[in-house]
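The values are calculated or read from the model by the stated rules, or taken from the named source; none is laboratory data. Because the structure is a prediction, the values reported are computed rather than measured. All Cβ positions, glycine included, derive from the backbone under ideal geometry; neighbour counts span all protein chains shown. Keep in mind that these areas ignore ligands, DNA and RNA; they rest on the heavy atoms of the full protein, side chains included. Shrake-Rupley method; radii C 1.70, N 1.55, O 1.52, S 1.80 Å.
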Amino acid sequence: MFQKGKKSSSRTGGLSIMIVGCGKVGKTLVERLSKEGHDISVVDKSAVRLQSVTNMHDVFGVVGNGASFTVLKEAGIEHTDILIAVTDSDELNLLCCLVAKRSGNCDVIARVRTPDYSEEKAYLKEKLGLAMMINPEQEAANAISRILYMPTALDVAPFARGHAEMVRIKLPEGNVLTGKRIADLGSELSGAVLICAVERSGEVYIPGGNFELAAGDVISFIAPVRDGRKFLKRNGFHTHQVKSCIIVGGGRAAYYLGKRLIELGVSVQIVENKKERCEELSVLLPQAIVVNGDGTSEELLNEIGITTTESLVPLTGIDEENIMLTLYAKEVSDAKVVTKINRITYTGVIDQLDLGSVVYPKYITSEAIIAFVRSKTATMNNNIETMIHLFDERVEAIEFVVGDQSPVVNVPLSDLKLKSNLLVACINHRGKVLIPGGNDVIQGGDTVIIVTTNTGFHDIEDILR
């Protein structure tokens with residue numbers, strides 16, 4: 001049994017976290033959680049994959065089967081606070097969590113991608129004692145469907161249990177918002193929309209009232225669901241959801257996306273090169289048109305209507321193919337294109353390609369897990385409900401559930417001594433979403449969305465100087 005590093009007690013303020021599986025999600029979790037000061041141990045069957053992680057990060061590694069009690073014990077399960085199972089096998093992940101619950105006193109999280117298991121999520125969580133069960137392909141499909149519902153947006157992230165949205169758009173030349181200061185946008189914003197982050201020429205700003213918007217700015221705003229759409233329509237953006245979609249690739253993500261789009265009334269075509277998978281999809285999604293063929297073939301794409309479809313989503317297993325399909329679609333059609341990228345991490349290069357909307361399943365998964373981890377270190381019963389990173393991790397948007405005893409409760413926002421580069425963007429009070437002003441107060445039980453260029457907030461108290 002190969003080991004790397006030395007298992008130590010948890011760092012001050014951090015948790016002891018065990019990650020089983022060194023794939024895309026596992027590596028992303030190691031990178032992000034180790035940066036946040038946690039004591040990480042990693043288990044994987046492959047010594048090569050494990051060594052690549054332990055060479056890059058200060059983590060403890062054990063080669064072996066994560067469902068083995070002996071291996072988990074060697075990796076320190078008895079002192080672990082959270083075990084995260086993200087191997088390629090759903091069954092192994094669930095078994096890891098079951099053994100860990102019996103072997104130690106820790107919270108357990110499983111990545112589960114099979115549709116059958118995902119439909120039994122509540123049952124499995126209860127019976128296996130899972131703190132979280134997350135499906136990257138399903139989460140990616142949900143993210144893509146939100147974008148296709150509002151195709152002007154580069155990205156749409158839900159907050160306040162679906163009552164509010166964070167929307168990212170790019171301001172085109174000649175738009176009515178360009179050249180205006182934030183403070184002068186009263187009628188355009190109508191008090192229900194808050195512009196909370198702007199990226200310009202590679203720099204990111206948390207804008208104040210004097211910030212002037214310009215063509216080419218990528219802005220993120222938050223609003224109650226219906227108000228965000230009204231804001232876009234009022235300011236010259238197309239707001240109608242797409243009516244047709246071509247999905248290239250017939251994997252699990254395609255199934256989840258196709259199912260969701262059909263529920264929304266969208267006409268769906270799926271192109272898949274494996275005949276057996278086409279037959280499966282035809283049974284699973286009888287309302288979709290399933291085409292057996294090479295989705296990278298120009299002839300086939302033209303035949304099925306790439307020049308007239310309202311949207312195209314490349315979901316092949318090869319990032320380079322997805323990118324090329326996106327560039328081709330942008331060349332020959334006006335379709336809204338959403339690109340899924342699994343492995344490539346050259347975000348600077350990808351940004352220069354101007355692909356538009358890009359979805360990274362590994363980041364969606366890791367952010368949901370990190371939000372849970374951060375909530376475990378919070379005080380005063382404050383929990384993190386939702387967390388997303390914006391602009392290549394330079395901005396965090398975090399939704400906190402605020403405890404009754406928190407020092408931010410019942411104090412006018414104008415009287416709170418807030419850190420710089422931070423906005424209290426939204427308050428959700430019992431389902432009523434408010435874009436707050438200086439006289440508004442946070443109450444116990446509210447959820448509060450904070451947008452900041454600071455990193456590593458675990459608790460609502462962290463917003464205070």
Considering the convex hull of the alpha carbon atoms of the stretch 307-363, report its projected area averaged over all viewing directions, in nm², one decimal. 3.6
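Give the calculated FRET efficiency between Asp404 and Ile318 to the nearest 0.05, with a Förster radius of 45 Å applied to their Cβ-Cβ distance. Don't skip to the end; give the middle numbers.
On the way: r = 51 Å, r/R0 = 1.13.
Calculated value: 0.30.
Using a 1.4 angstrom probe on the protein heavy atoms only, line up Met56, Met150 by accessible area, largest first.
Details: Met56 145, Met150 5 Å².
Reading off the accessible areas and sorting them downward yields Met56, Met150.
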Heavy-atom accessible area of the chain with neighbours in place, 1.4 angstrom probe: carbon+sulfur share in percent works out to 47
Using only C-alpha atoms and all pairs of different ones, pull out the Kirkwood radius for the stretch 193-294 in Å with one decimal. 16.7
Quick one: compute the contact order of the stretch 109-246, relative version, from alpha carbon pairs under 8 angstrom and 6+ residues apart, as a percent. 24
With the calculation restricted to Cα positions, what are the radius of gyration and Dmax of the stretch 1-160 in angstrom? 16.5, 53
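Under the 0.36 nm per residue contour assumption, what length would be gained going from the current alpha-carbon distance of Ser187 and Asn55 to full extension?
Working it through step by step, the gained length comes to 42.0 nm.
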The relative contact order of the chain, taking Cα pairs under 8 Å that sit 6 or more residues apart, comes to a percentage of 11
To check you understand DSSP bridge types, tell me what percent of the beta bridges within the chain (both residues inside) are antiparallel, rounded to 5. 55
Viscosity 0.692 mPa s, 37 °C: Kirkwood-radius Stokes-Einstein D of the chain over Cα pairs, µm²/s: 140
Whole-number accessible area per residue in Å² for the chain, which is evaluated in the context of all protein chains at 1.4 Å: 44
Computed from the beta carbon distance with a Förster radius of 51 Å, FRET efficiency for Val411 and Lys180 to the nearest 0.05 stands at 0.95
Where does each of Asp90, Asp294 land when they are ordered by accessible area, with a 1.4 Å probe and the largest first? Asp294, Asp90
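Expressed in nm to one decimal, what extension gain is obtained for the pair Glu126 and His238 from 0.36 nm per residue of sequence separation less their Cα-Cα distance?
Going from the current span to full extension adds 36.0 nm.
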On a 1.4 Å probe surface of the protein chains, which of Ser201, Ser52, Ser375 comes out largest in accessible area, and what is the full order? Ser201, Ser52, Ser375
